[in-house]
Amino acid sequence: LPILAKLNRESLKFKQVDMHQLVTRICTTIIEDRFPLIFELEIENIPGCIADESLISQVWQNLLENAVKFTAKCKLRQIQIGSQKRDYDTVYFVRDSGVGFEMQYVDKIFGAFQRLHRENEFEGTGIGLAIVKKVIDRHDGKVWAESTVGKGSIIYFSIPDVIA
């Protein structure tokens, strides 16, 4: 919980962040930790943004760890990272071919200690996506998800082009 407390106290340090380089580095580390499992990883040429680099790094860390965790037990282990430029922001996403979840629970996944799977199925604290939401909220962005049980999930987040 230290990062949640930090988000309330500390001012953000905005700078230009090379998202492609950041994601590539984090993916390499996370996937190497899962050796000998093989993941099909596609990282699009995602644009940079103005953000607090350490906090955005934590967002990617949490999203990519989830993608790896929830695809690790599947035959097909695909993870795609991409983005879409919109008028006033950029939407980034992490798509996986993992276990997915029922969309009726989508509002729960961004709450602290909310888990949609049993602890003996998947490790974790249930705090990762709550941190993602808090960080993106502090950047005046949005976070949302789409999922199908047995087919995977997509977690999206947006970062505005201009800092308010």
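For this structure, a couple of remarks:
- Condition check for ILE50: farther than 14 Å from VAL23 by Cβ, in contact (Cβ under 8 Å) with a residue 60 or more places away in the chain and surrounded by 14 or more Cβ atoms within 10 Å (Cβ to Cβ): yes
- Enumeration of residues in segment 76-97 that are under 16 Å from ILE31 (Cα atoms) and among the charged types (D, E, K, R): ARG77, ARG95, ASP96
- One residue alone among VAL99, VAL94, VAL59, VAL106 is touching a Leu at 6+ places or on another chain (Cβ under 7 Å), open to solvent by less than 70 Å² (accessible area, probe 1.4 Å) and either of a type in the set (A, V, I, L, M, F, W, C) or closer than 20 Å to SER153 by Cβ (or both), and that residue is VAL94.
The values are calculated or read from the model by the stated rules, or taken from the named source; none is laboratory data. As the structure is a prediction and not an experimental result, all values here were calculated from the model. Cβ atoms come from the backbone with ideal geometry, glycine included; neighbour counts cover every protein chain shown. Heavy atoms of the whole protein, side chains included, go into the accessibility calculation; ligands, DNA and RNA do not. Shrake-Rupley method; radii C 1.70, N 1.55, O 1.52, S 1.80 Å.
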